[in-house]
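Visitor: Sharing a structure below in structure tokens format, with a few things to ask.
The values are calculated or read from the model by the stated rules, or taken from the named source; none is laboratory data. These figures come from a predicted structure and were not determined experimentally. A quick note on method: Cβ atoms are made from the backbone with ideal geometry, for glycine too, and the neighbour counts reach across all protein chains shown.
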Amino acid sequence: MIESLSIEDLGIIESAELRFGPGLTALTGETGAGKTMVLTSLGLLLGQRAEAAVVRAGAQRALVEGAFLIDPDSPAGRRAAEAGAELDDDLLIATRAVPAEGRSRAHLGGRSVPSSVLGEVGARLVAVHGQADQLRLRSAAAQRAALDSLGGAEHAALCRRYAHAYRRRARAAEELAQWQAGSQARAEEAARLRAWLEAIEAADPAPGEDGALEAEASRLEHAEDLRLAATAAAAALSADADPAAGGSEAVDAASLIAAAGRALAGVDGLDPALTELAARIRQLGILSADIGADLGSYLSALDADPARLAWVNQRRAELTRLCRETGGAEDRIDGVDALLEWGRSAADRLARIDGPSDGAEGLKQALTRAQAELDSTATELSAARAALAERLQESVTVELEGLRMSGARLVVGLEALDEPGPTGAEAVSLLLAPHPGATPMPLGKGASGGELSRIMLALEVVLADATRIEPAPGARDGGAAPDREHARAFVFDEIDAGVGGKAAREIGRRLARLARGHQVIVVTHLAQVAAWADTHLVVHKETPAGGGAPDGDHPGDRTRTTRTRVTRVTGADRERELARMLSGHDDSEAALRHAAELLAEASMAESSA
């Protein structure tokens, strides 16, 4: 509920403070007095685009502040809390500053927020209906939304369930289409993988084979150098004669170690330290003997076979080429071990391409399941909408009869679609038969502006009745029940345009009925509507004598500019305002009597409701 609205320097409004009641508030005033600016200020708090042109001439910025009563646990309260807004119990303050130059600034609950957040919160707090909304009522989306809103929370859950099923079916169809579109690419990939894997299998490399071949090639290429080095080392360890020594006995490592061992054998056991050294010399003799034997074995096995060297080099070239050519340009394979690892990964990828787990059959089954779920939910939603359509057209037709559209009836059309769409398996259309026997026509063709206004009001009343919680007894006299204070507010901008007389009176009656469970604000030019209001606010335009613009002697003197003020009228003042609306004169005796009759009629009707 909107508790209050404060406006500074917006359009012709220099300063205005509006306080709204919980029931029906009528906002009246002469044409050009500034009623539009009041609605503009509310639109700014609801996140609408801010234009610098709305700033009052000579002012640096326009400022609008609104106080809203909301339930902290409601969707609006939770969204405000997510944005960092703080509530004073259940009071939420929203402000919007529009500078003459630069960007506008928005605050919610003391926290700076983007204007889009104001829109998200405001959409849950206030519903504005005007001429633009009448045009939207002609759209298929708005008509479908009107029908679905009649079903309440349970039907809304069904609509969400259908939307989820539709998205799941769309995803399944897209995945299958992508799979089918990529079948050629996968076939080419599989062919490449098979060729590479066959080449690896034909080469049959062993783990670490490239390293072993490199070592063998090195031995074969340097066989003579290795033989000479090993022979010299063996001679140094053994007692073989050194040809360079002229045939004499050469001093070898094994003999010297043996001599050292014999030298210490005579004193063995006399000194522990020397005994330990003697043991180490014996170990050294054993080790040198083993090395000498191994060198002999190495020399016996050393091969200088050129044919073997050629084969080894050929095998190394084959493995190098296989590593270079396998995997394509995007894969770099360094060595046989990396080649074998790539082969294992390629085999897994080939199995996934060829296997049934990710194949088209699995995707087709998923699509079949998603389609069955969508069809089932669509059937359920279509049946629910058919029942709601009967209920809506009957209820709205009754309201139209009361709004002096005698014989007119609303027809809800449900046309099956060739394929289920994002919102259902049928198109929803609201049609109007203006008189008995007439062919129902779309609202855009079969209804005038005034008729559209009454149809929109009838719809809102019916939809509000479907979810309305009655206020506590005495709420009209002593304040609203808590649920009513937190209810969504409805704002009607000249919904009575194009109508008059008894039809206008019935519009007022319906607005008052809607206001029993909601806050309703109506901008009206008709006394028959304003008479039903619980709160009556009048917008006055004041133009001081001497003209509306600052004169040359007082540039910037804003006291002489046109300004607007808003006052609440009661009693005799209210009768005079209604008389002005009826006849253009607030002192006409006949108009004053008519105004008093309207007030008495509305009061009597509401007291007996």
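Visitor: Considering only the stretch 232-254, state which residues are at pLDDT 80 or above and surrounded by fewer than 16 Cβ atoms within 10 Å (Cβ to Cβ).
Guide: Ala232
Visitor: Among the residues of the stretch 82-106, count how many are crowded, with 16+ Cβ neighbours inside 10 Å and either closer than 14 Å to Gln48 by Cα or touching a Pro at 6+ places or on another chain (Cβ under 8 Å) (or both).
Guide: So the count comes out to 10.
Visitor: One residue is enough: does the stretch 451-460 have a residue meeting the conditions under 25 Å from Arg160 (Cα atoms) and either crowded, with 18+ Cβ neighbours inside 10 Å or of a type in the set (A, V, I, L, M) (or both)?
Guide: yes
Visitor: Within the stretch 182-217, can you find the residues that are assigned to a loop (DSSP other than H, G, I, E, B) and more than 42 Å from the chain's Cα centre (by Cα)?
Guide: Those that are assigned to a loop (DSSP other than H, G, I, E, B) and more than 42 Å from the chain's Cα centre (by Cα): Asp204, Pro205, Ala206, Pro207, Gly208.
Visitor: Restricting to the stretch 400-435, what's the tally of residues that are surrounded by 21 or more Cβ atoms within 10 Å (Cβ to Cβ), at pLDDT 90 or above and not in a strand (DSSP E or B)?
Guide: So the answer is 0.
Visitor: Does Arg344 fit the bill of being of a type outside the set (Asp, Glu) and modelled with pLDDT of 85 or more?
Guide: yes
Visitor: Residues of the stretch 294-309 being in a helix (DSSP H, G or I), of a type in the set (Gly, Ala, Ser) and touching a helix residue (DSSP H, G or I) at 6+ places or on another chain (Cβ under 9 Å), which ones?
Guide: Gly296
Visitor: For Ala596, are the conditions met, namely being crowded, with 23+ Cβ neighbours inside 10 Å and modelled with pLDDT of 90 or more?
Guide: No; evaluated as a whole, the condition is false for this residue.
Visitor: Can we say Gly34 is surrounded by fewer than 18 Cβ atoms within 10 Å (Cβ to Cβ), over 28 Å from Glu606 (Cβ atoms), touching a Lys or Arg at 6+ places or on another chain (Cβ under 9 Å) and modelled with pLDDT under 90?
Guide: Judged against the criteria, Gly34 is not a match.
Visitor: Do you know which residues across the stretch 375-399 are surrounded by fewer than 22 Cβ atoms within 10 Å (Cβ to Cβ), of a type in the set (Asp, Glu) and closer than 19 Å to Leu463 by Cβ?
Guide: Hits for the stretch 375-399 are Glu390, Glu394.
Visitor: Test Ala50 against the criterion of being modelled with pLDDT under 90 and aliphatic (A, V, I, L, M), and give yes or no.
Guide: So Ala50 fits the description; yes.
Visitor: Which one of Leu44, Leu87, Leu91, Leu69 is modelled with pLDDT under 90, of a type outside the set (Phe, Trp, Tyr) and within 32 Å of the chain's Cα centre (by Cα)?
Guide: Criteria check complete, one pass: Leu87.
Visitor: Can you tell me which residues in the stretch 148-164 are out of contact with any Pro (no Cβ under 9 Å at 6 or more places or on another chain), in contact (Cβ under 8 Å) with a residue 60 or more places away in the chain and among the small types (Gly, Ala, Ser)?
Guide: Ser149, Gly151, Gly152
Visitor: Restricting attention to the stretch 78-94, which residues are in a strand (DSSP E or B) and charged (D, E, K, R)?
Guide: Listed by number, the list holds a single entry, Asp88.
Visitor: Run down Arg344, Arg352 and say which single residue is without any contact (Cβ under 8 Å) to a residue 12 or more places away in the chain and within 27 Å of Glu214 (Cβ to Cβ).
Guide: Unique residue meeting the criteria: Arg344.
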